[in-house]
C-alpha cells in the first residue's frame with residue numbers, strides 16, 4: 001500500500017501513515033493532531049509501574065536535536081498518557097481511555113510475564129491498532145524473556161481478509177530489564193527515536209556529543225580506553241556473573257516468601273546464599289535485593305517494627321494427622337492416626353508427638369530441637385481415633401500417656417535431655433493438667449470397668465497423692481475428658497461427657513453434678529470458680545450446635561450458666577480439608593483476672609464472674625482456634641490474642657477494639673489458613689505455634705517481644721549482617 005499524501009510505502013493493515021499521519025482510508029480526513037506523544041499501557045504491578053514511570057519521564061523530558069528534525073529542533077516530544085488508576089471490571093474500555101488512545105500518536109506497552117494475563121492491556125492494544133495501525137505500537141521489555149513477556153497478539157499480525165492465520169510480527173522492543181541496566185540509556189533512545197519518527201543514529205550521536213561537551217577530550221579518551229580494556233577482560237566472565245546475579249535475585253525473592261510464611265531460619269539461609277561470603281569476597285556478585293532480604297529476616301529497619309515477627313519452621317518425621325479441636329484429612333483418604341502438641345509456658349519448651357509415635361521437644365522461642373523422648377513399648381499410639389495420645393508439659397518435665405479400654409501407660413521425661421524419669425501403667429489414657437504449679441501435675445484416668453482415678457504429683461519433689469473412685473459406672477470416654485486441680489493440693493475437678501466431678505483425694509470422697517449438654521469441651525479453675533464448657537455432640541452435617549458455660553463454686557454448686565449456639569467450619573487448602581469445630585474453650589487468663597473469657601465459634605466472650613452476664617464480646621471473620629487473655633494492673637482481663645482459622649492473629653483490647661486502628665502491623669495475616677494454633681506466653685514474649693491447613697508435618701512460629709519497641713535502625717556493614725545471621729541460625733541449632 002502507498003500513502004497518497006507522502007507517497008511512501010506503508011503496511012497493508014495501517015490506518016494512518018506512520019510518516020505523515022495522513023489517513024489511509026478516505027481522502028476527506030485531515031492529518032491527526034495528537035495531544036499525547038504516547039499512550040503507556042501497563043499492568044498495575046510494582047515492576048510494571050516503576051518502568052512505566054521511567055518511560056514517561058524519559059519521553060516527556062527529551063528534547064529533539066535539530067539534526068534529527070530541523071523543523072522541530074529543540075522541541076519536546078510532548079506529554080504521555082499513563083493511567084494511574086486500576087480499571088474496574090467491565091467488558092469494554094472506559095470512554096476516557098478510548099479518548100486518550102485517539103489522541104495519542106504512539107502506544108508503548110510495558111511487557112512482563114504477567115502482561116498476557118491482562119485483558120485491559122490487550123483491549124488497549126487492539127483499540128489503538130484500529131485507530132493508528134500496528135506500526136505505532138512499541139514494546140518495552142521490563143522483566144523476563146521476550147518470549148514469555150511480549151504477548152502473542154503483539155508478536156503476530158491480525159488475520160487479513162481471506163486468511164484466518166496470523167502472520168509473524170516483530171514490534172520494536174526496548175530492553176529495560178534489571179539485568180540489562182547497563183544499556184538502559186541506549187534502549188531509551190531507541191524507543192524515543194521510534195516515537196519521534198527519526199533515525200536512532202541521529203539521537204545516539206547527539207547524545208554522545210553532549211557527553212563529549214561535558215568532559216575534556218583527554219578524560220573521554222581515557223574512559224573509553226579503560227572501558228575497552230575492562231570490557232575485554234570481563235567478556236569471558238560476564239555471562240557467569242549475569243547468571244549469578246539473576247540467581248541471587250531469585251534466592252532473595254524466595255527468602256522474602258519464606259519469611260512471610262514464618263520460616264525465619266529458612267529466609268536467613270536463602271539470603272546468605274544469595275550474598276557474597278564477605279564484603280571482600282568475589283564468589284558471587286552483590287545485589288541489593290539480597291541484602292534487603294537479609295535485613296528483613298534480621299528484623300532491621302522497618303522490618304522490625306511489626307508486632308508479630310517470623311521465628312521458625314519445624315518438620316515432623318510423620319504426619320500430625322488429627323490434632324486439637326480440628327479434624328483434618330487428605331481428600332479421598334481415610335483419617336490418619338492422631339498427633340499431639342504440649343506447650344510449657346513456664347519452661348519455655350513445647351513437645352510434638354506425630355502419628356507414628358515419635359516424640360520430640362523444642363525450645364519455644366528459638367525452635368531449636370532439645371531432645372527426642374523414646375517411649376516405652378506399651379505407649380505405642382493406637383491406630384486411628386482422635387484421642388489416642390495425650391501430653392502435658394510442666395516447667396521441667398514432659399508427660400506422655402497412651403491407652404484405651406484394654407490398657408494404658410504414662411511416661412515422663414526431662415524435657416531438655418529426653419531422659420525418662422519414670423513410667424506407670426493403668427487401664428486407660430490419662431488427661432493431664434499442668435497449670436497447677438511449676439512442676440505439679442494432675443492426672444485423671446477413666447477405668448474400663450467403671451469409675452476413674454486421680455493423681456496429683458509434684459514431679460520435682462517426688463511426692464504424689466491419688467485416689468480411685470469406682471462407684472460411678474462407665475464414663476463417656478469416647479469424647480474428650482478434662483481435669484483441673486483446685487485451690488489446694490488434694491482437690492481435683494474432672495469432666496467426663498455431661499458429668500462434672502469434685503474429687504477429694506485426702507478423704508477419698510467425690511461429688512458429681514450433671515452439665516447442661518452431653519459433651520464437655522473445656523474445664524478451668526479461675527480464682528475460686530470451676531468453669532465448665534459443654535456442647536451438643538458433633539453432628540453429621542455442619543448445622544449450628546448449642547453450647548453452655550457453667551460456673552460452680554468449689555463445692556460444685558452452680559452459681560450461673562450462659563447458653564448460646566455456634567457453627568463449625570470446613571476449610572480447604574491444597575487438597576486438605578479441615579473441619580474446625582469451634583467448640584467453646586474457657587481461657588484461664590495470664591494473671592488473676594476477675595472475668596471469664598471464652599472462645600466459641602467466631603467469637604470471644606468476656607463473662608462477669610459473679611453473674612455470667614456478657615461484659616463484652618469480640619467477633620472475628622472466621623472460627624477462633626486459640627486465644628490467650630492478659631490482665632491489667634488491676635487484675636481485669638484487658639487484652640486478648642486470638643488466632644483464627646483463616647490465618648489471621650488479632651491482638652485486641654476488650655472495650656476498646658483493635659490495637660491496630662492505623663494498620664501499624666499489629667494484625668498478623670498469614671498467607672494460608674490454619675487448622676491448629678496455640679499462643680504461648682513466655683516472660684516478655686507471646687509465641688504463636690500453628691499448623692497450616694495445607695500441611696500435615698509442619699509447625700510454623702511467629703513471636704512478639706512486648707519489650708522490644710521499634711525495629712533496629714542501625715547501619716551495619718555486610719560482614720556485620722552476615723555475622724548476625726550466622727548467630728541467629730546457631731541459636732536455632734542451624735549451621736551454615
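Each reported figure results from applying straightforward, stated rules to the coordinates on display, with no laboratory input. Since we're looking at a predicted model, the values are computed, not measured. Because the Cβ atoms are built from the backbone with ideal geometry, glycine has one as well, and the counts that use them run over all protein chains shown.
Here is how the numbers come out for the structure above:
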{"read-out": "Sites residue 488 and residue 131 - FRET efficiency at Förster radius 56 Å, r taken between beta-carbons, to 0.05", "value": "0.05"}
{"read-out": "Mean Cβ count within 10 Å, highest first, over the residues of peptides 445-458, 193-206", "value": "445-458, 193-206"}
{"read-out": "Protection-proxy order for peptides 597-606, 518-527, 96-105, each taking the mean of Cβ atoms within 10 Å per residue, highest first", "value": "597-606, 518-527, 96-105"}
{"read-out": "Most to least packed among 41-53, 390-402, 357-369 [average Cβ atoms within 10 Å]", "value": "390-402, 357-369, 41-53"}
{"read-out": "Label-to-label distance, nm, for residues given as residue 558 and residue 50 (7 Å Cα→Cβ offset)", "value": "6.6 nm"}
{"read-out": "Segment residue 512-residue 241, extension gain: residue separation times 0.36 nm, minus the distance between their alpha carbons", "value": "89.9 nm"}
{"read-out": "Estimated FRET transfer efficiency when R0 is 22 angstrom, pair residue 715-residue 283 (beta carbons, to 0.05)", "value": "0.35"}
{"read-out": "Segment residue 305-residue 614, length gained on full extension (0.36 nm per residue, minus Cα span)", "value": "107.7 nm"}
{"read-out": "For the range 247-302, the fraction of alpha-carbon pairs in successive 10 Å shells from zero, as %", "value": "30, 55, 15, 0"}
